[in-house]
1. In whole percent, what relative contact order does the range 128-278 give with Cα contacts below 8 Å and a gap of six or more residues?
2. Neighbouring Cβ atoms within 10 Å as the yardstick, rank 73, 188 fewest first.
3. Run a plain Debye calculation on the chain (Cα atoms as equal point scatterers, no solvent) and give log10 I(q)/I(0) at q = 0.09 Å⁻¹, rounded to two decimals, same order as the q list.
4. Sort out for me the Cα centre separation of the range 24-48 from the range 80-133, rounded to whole Å.
5. Spin-label point model (7 Å from Cα, Cβ direction): what's the residue 142 to residue 238 distance in nm?
6. Relative contact order of the range 235-338: what whole-number percent is it, with Cα pairs under 8 angstrom and at least 6 residues apart?
7. Sorted from fewest to most neighbouring beta carbons within 10 Å, what does the list 321, 228 look like?
8. Quick check: residue separation of residue 281 and residue 294 times 0.36 nm, minus the Cα distance between them. What number comes out in nm?
């Protein structure tokens, strides 16, 4: 008898293309029998799920309708029909928004376990979020010790990771923007930002000039729009812009009007470059080597908002898009160990 015969699998499907901000009506929970692994595969019961800003962009066309959504996930192998995956093994995979997944050995990454490092860290600073920040700083911007930087959406997953990594890499002054006074306080009191501002408090160009009156060398852009315009104004000659995301545009029905000062890129010899973290997977071990000792020593802390229960995944996703999280938004199965 199948050991899962009494259990049911649940998946989340996208059912409609949102116009502007997504709603719960754009999703559906679908229940089915727990799948059986075929020869050469294994069944994984998922323990942690990641919801990310890029999911919103993919909802406009890249996600198929009425099919399970993709996403970063950590789970435990519960039944295996391949010698390459042992039952009980903890693995990372991308068959996201579902409680159970059948995977091949090629579709997963085994997670090393480090003393004192919780599994949730592989969804935040040791996962794609941390890798995005690490690649942006080391490969795209090539941050040098003593440089100053500005980070938008600084209280989100990538923003908090960027601040912590930049500090550990020897950045001098780190300035961030966030969406509330509470997040501004979190950045300066917990994450290690030297200054931060609430972007609702006035024109971004004025707020950045007050927070960084001498300018910055580097801008890590998670937002685009008005804050990108402000950063172009505030960057010193030969400054660099790392383009990670455009959260300001994802739910906007009309294209953004800013930035309107692109001529400054020429005048100040600025460089602007974007990237996809999927092209830098080979740096995963390098990320572990750099971050894990800092996690174990306490020099780098975890910035995570953890929501319990797979049934909360849509609510958590929509909350993340509205800025309800500090740090990385993570959903944890009620059966998971912290």
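Rule-based calculations on the coordinates, nothing more; no lab input. These numbers come from a predicted model, not from an experiment. Because the Cβ atoms are built from the backbone with ideal geometry, glycine has one as well, and the counts that use them run over all protein chains shown.
1. 21 percent
2. Working: 73 25, 188 16.
In increasing order of surrounding Cβ atoms, one gets 188, 73.
3. Treating every Cα as an identical point scatterer, log10 I(q)/I(0) equals -0.49.
4. If you average the Cα positions of each part, the centres end up 15 Å apart.
5. A separation of 1.0 nm, rounded to one decimal place.
6. In percent, rounded to a whole number, it is 23.
7. Taking fewest neighbouring Cβ atoms as first place, the list is 321, 228.
8. On the way: separation 13, 0.36 × 13 = 4.68 nm, distance 2.10 nm.
Stretched fully, the residue 281-residue 294 segment lengthens by 2.6 nm.
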